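Visitor: Dumping the structure here so I can ask a few things about it.
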Amino acid sequence: MVVATCYDLLKSLRGKGANPIGVSQIDGHGWILLAIGFVVSFVVAYASVAWFMGYVRKHGFAPFAVYRIILGALVLVFAGRLAG
């Protein structure tokens, strides 16, 4: 993820990406916000994966599978009602 993010940022800075932003449009405050967002998203993602792995070790995948099946069925029912 870090490499993909850095590559996308590099393409944007060079003006070759889908959203060219250019270095001149990012000031010091913008870089600080970008760094804070990166660090916060990394910490939250790491904590989420750590919590989920601990939950799976303790309870197994069965409760997660049941939850996903029920949620998937509810989404399909809701989407069917919206579409038709």
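Visitor: In the stretch 27-36, which residues are assigned to a helix (DSSP H, G or I) and at pLDDT below 95?
Guide: Listed by number, the residues that qualify are 28, 29, 30, 31, 32, 33, 34, 35.
Visitor: What pairs come out if I take residues in the stretch 1-19 that are farther than 16 Å from residue 30 by Cβ and pair them with residues that are modelled with pLDDT of 75 or more and open to solvent by 100 Å² or more (accessible area, probe 1.4 Å) whose C-beta lies under 9 Å away, six or more apart or interchain?
Guide: Listed pairs, sorted by first residue: 1/42; 2/42.
Visitor: Just name the residue that is surrounded by the most Cβ atoms within 10 Å (Cβ to Cβ) out of those in the stretch 57-84 that are under 30 Å from residue 2 (Cβ atoms) and under 21 Å from the mean Cα position of the chain (by Cα).
Guide: 64
The values are calculated or read from the model by the stated rules, or taken from the named source; none is laboratory data. A quick note: this is a predicted structure, and the numbers were derived from the prediction, not measured. As a convention, Cβ positions derive from the backbone with ideal geometry for all residues, glycine included, and neighbour counts pool all protein chains shown. Surface accessibility is based on the protein's heavy atoms, side chains included, excluding ligands, DNA and RNA. Shrake-Rupley method; radii C 1.70, N 1.55, O 1.52, S 1.80 Å.
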